[in-house]
Each structure stands twice: as structure tokens, then as C-alpha cells.
1. Of LYS136, LYS247, LYS208, LYS193, which residue is of a type in the set (Lys, Arg) and over 29 Å from GLY16 (Cα atoms)?
2. Return a yes/no flag: does the stretch 129-140 have any residue that is in contact with a helix residue (DSSP H, G or I) (Cβ under 8 Å, 6 or more places away or on another chain), among the β-branched types (Val, Ile, Thr) and either surrounded by 14 or more Cβ atoms within 10 Å (Cβ to Cβ) or closer than 29 Å to ALA31 by Cβ (or both).
3. Look at the stretch 74-101 and say how many of its residues are in contact with a His (Cβ under 8 Å, 6 or more places away or on another chain) and of a type in the set (A, V, I, L, M, F, W, C).
4. Evaluate the following for THR126: is it of a type in the set (S, T, N, Q), closer than 18 Å to GLN14 by Cα and buried (at least 24 other Cβ atoms within 10 Å of the Cβ)?
5. Of all residues in the stretch 217-248 being hydrophobic (A, V, I, L, M, F, W, C) and outside any strand (DSSP E or B), which is surrounded by the fewest Cβ atoms within 10 Å (Cβ to Cβ)?
6. Do any strands (runs of 3 or more DSSP E) lying entirely in the stretch 119-206 carry at least 3 residues that are of a type outside the set (Gly, Ala, Ser), and which ones are they?
7. In this structure, is LYS212 over 28 Å from ASN62 (Cα atoms), surrounded by fewer than 24 Cβ atoms within 10 Å (Cβ to Cβ) and not aliphatic (A, V, I, L, M)?
8. Which condition number in (1) more than 16 Å from ASN205 (Cβ to Cβ); (2) among the hydrophobic types (A, V, I, L, M, F, W, C); (3) touching a residue at least 40 places away in the same chain (Cβ under 8 Å) is the one that ALA149 fails?
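What follows is calculated from the coordinates using simple rules that are stated; it is not laboratory data. Source: prediction; values computed, not measured. Positions of Cβ are generated from backbone atoms using ideal geometry, with glycine treated the same way; all protein chains shown enter the neighbour counts.
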Amino acid sequence: MIIIKSWSEIKKMQKGGRIAHRTIELIKEAAYPGITTLELDKLAVNFLKKNKARPAFLGYKNYPATLCTSVNDQVVHGIPGSYGLKSTDILSVDMGVYYDGYYTDIATTIPVGQISEEAERLIKVTKESFYEGLSKAKVGYRLFDISVAIQSKAEDAGYSVVREFVGHGIGRSLHEEPQLPNYGEPNTGPRLKPGMTICIEPMVNIGKEGVKLLSDGWTVATNDGSLSAHFEHTVAITPNGPLILTKE
């Protein structure tokens, strides 16, 4: 069942979303060559405590950290640790916030030092694919119109979209209905209605779409070792168009 939120609930989610956005901005500023992914995680922990917010991922299905930090060919769910970032790396950071009874979820891919033109283009296209999807996140469209817009943007650029992991509804739970894949058929899926809150999150690979689970039981990487990027916001469907809740 898709849970429709009231405007007061959406405003509460927006407050938590702003904290999530500020956390990501802090991580962007700190993600320089030499810093470890665990040090970035500690920055996020301290910032959330200061803002009286709770990390959404820590302890979720026994996940051991606040951030997911996925480097280069890692797609999602990379566990922060002793890895020191290097110039030319791209770092996908995914995180969730629990604040005042509601969850929000956000992700971005950060260039570390000087990255290749190929990596720059991947990040650019992944972000653009999010906004293509967002353009269909309007009352009257169907859910998978968002999926088609994301898929088309990525594949037109010569890339592939990850199929095993999807966007999702969000609110009082971190994951609610509906599931929102990054591929699909136009004019299918539930009709979008005011009060729906969803996470739109393209995961785009330079190479083929296939992924594998690494030995830590969490980190997902591309099968072919190609670079992958991730971009996500929590979005509310409103009568006046989509409202991104995870930004200022």
C-alpha cells in the first residue's frame, strides 16, 4: 500500500531532509585525497548528533555504519573503513536521516581530486538522469514514467542502469511502497498522486548493468569493473509539481 502524506508530514520530512543535505555537503567538502571513508563516516555521525537527528542506516538489517561509501566500481552499500581516498577516485555517498518521526534518504557521487573526463561525464549523466526522472514526478503521470526517463537518459549516453537495486517510497519507514526501478515501460505503474513521497535514485554504470555482492556481505560492485555513479533525493509529489525534500 502506498502511504499518502499530509502537508504537515511532508514539512516534517523536509526538516530532516535539510539535515541530510547539509551532511552530504559536509562530506563533499571533506572528501579530499588521503582522508579515509571511516573518517568521513565519523564526520557524519558528529554532525547528525549536533542536529539531534539519527542515522537511518546504522543498525538497519545490522548495517554497521552511518554512511554508505562506494568507491569507483562499487555501486552501493560500501562500508566505511580504512581506505584512503585517492585523486582520480569517484566516491558515491548514500545516507538516510531519521528526524521527528520521519525518514529521508539522499545520495551523490563526489569527484576526488582530479578525475578523468570519462568519470566526469558519468557523474554528469547520472545527475541529469535524476532530473529527467524528476520531470515526470508529477500528478497524472505513472510511476514508471520516471523509470523510463532515467533509463533513456543513461542509455542514450551509452551507459547502463543497475536493475537489482531500486528507488522506493519513504516516510515513517525507511523503505515503503512503491518500488521505483530505473528502467521500465512508459505509462505503467501506479498513478502519481499528491502526498506520495519517493526516493528517485539512478545508479548508472559506464559498462554493463550486471553487479555482484562482495565478500563483506554488503558492498555491491559492477561485474565488469567499470565505474558506477549514484544520485538520489527524497521527493514529494505535490499539486504544484515535485518538491525535493533533501535540499535547502
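1. Details: LYS136 fails: over 29 Å from GLY16 (Cα atoms); LYS247 fails: over 29 Å from GLY16 (Cα atoms); LYS193 fails: over 29 Å from GLY16 (Cα atoms).
So the residue among LYS136, LYS247, LYS208, LYS193 that is of a type in the set (Lys, Arg) and over 29 Å from GLY16 (Cα atoms) is LYS208.
2. No, the conditions are met nowhere in the stretch 129-140.
3. Start the filter on the stretch 74-101 by keeping residues that are in contact with a His (Cβ under 8 Å, 6 or more places away or on another chain), which leaves 75-76, 92, 94.
Subset that is of a type in the set (A, V, I, L, M, F, W, C): 75-76.
Adding up the residues that qualify gives 2.
4. Values: of a type in the set (S, T, N, Q): yes; closer than 18 Å to GLN14 by Cα: no; buried (at least 24 other Cβ atoms within 10 Å of the Cβ): yes.
In short, no.
5. First, the residues of the stretch 217-248 that are hydrophobic (A, V, I, L, M, F, W, C): 218, 220-221, 227, 229, 231, 235-237, 243-245.
Subsequent filtering for residues that are outside any strand (DSSP E or B) retains 218, 227, 231, 245.
Working: TRP218: 18, LEU227: 25, PHE231: 25, LEU245: 27.
Among those residues, the one meeting the criterion is TRP218.
6. Working: elements: 167-169, 176-180, 197-200, 203-205.
So the answer is 176-180, 197-200, 203-205.
7. Values: over 28 Å from ASN62 (Cα atoms): no; surrounded by fewer than 24 Cβ atoms within 10 Å (Cβ to Cβ): yes; not aliphatic (A, V, I, L, M): yes.
Considered against the rule, which asks whether it is over 28 Å from ASN62 (Cα atoms), surrounded by fewer than 24 Cβ atoms within 10 Å (Cβ to Cβ) and not aliphatic (A, V, I, L, M), LYS212 comes out as no.
8. Among (1) more than 16 Å from ASN205 (Cβ to Cβ); (2) among the hydrophobic types (A, V, I, L, M, F, W, C); (3) touching a residue at least 40 places away in the same chain (Cβ under 8 Å), ALA149 violates only (3).
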